[in-house]
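Colleague: This is the structure I have questions about; it appears just below.
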Amino acid sequence: MPRGDKDKYTEKQKRKAEHIEESYEHKGVSKDEAESRAWATVNKHSGGGEKKGGSGKQTPASEKKTARSDSARRAAKTREGHPRTSGSSLQTQTKESLMKEARSKNIKGRSSMSKAQLIDALQKHG
């Protein structure tokens with residue numbers, strides 16, 4: 001029999017576990033095993049009991065949204081000082097990515113250029 005108090009689970013979670021348990025029993029699984037699997041499934045889907053005081057802290061959606069936008073803002077700020085066509089940025093790119101950038105800027109003769117020539121052409125093209 002599964003361990004633990006089921007008081008922290010919502011009625012919906014309890015019904016779901018009961019339904020899953022009945023399904024396993026119908027397939028020939030023992031009562032104890034069916035109950036164990038049912039609660040494991042409910043925990044996997046919902047993260048355990050959802051009533052207040054349950055284990056694990058649920059982060060409110062508003063906090064998640066704020067954290068995402070803060071993260072995006074910080075990421076954008078780190079890119080500010082490094083424009084894509086700066087010498088250091090171009091040096092770290094692969095020849096393939098330099099070729100794509102040259103193609104987007106319609107630089108003539110790019111297909112026969114070396115990586116150094118592509119970097120030079122992209123810096124001149126701005």
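Colleague: Could you state the principal axis extents of the C-alpha atoms in the range 1-53, from the largest down, to the nearest angstrom?
Modeller: 36, 19, 16
Colleague: Please tell me which of these pairs span more than 25 angstrom C-alpha to C-alpha: LYS14/LYS65; LYS65/LYS100; LYS8/LYS31?
Modeller: Beyond 25 Å between Cα atoms: LYS14/LYS65; LYS65/LYS100.
Colleague: May I pose another question? Expected output is a single nm value to one decimal: the length gained when fully extending between LYS12 and LYS105, i.e. 0.36 nm times separation in residues minus the C-alpha distance. What is it?
Modeller: Stretched out fully, the LYS12 to LYS105 stretch lengthens by 27.7 nm.
Quick note: the coordinates plus some simple rules give every number you see, no bench work behind them. All values reported here derive from a predicted model rather than from experimental measurement.
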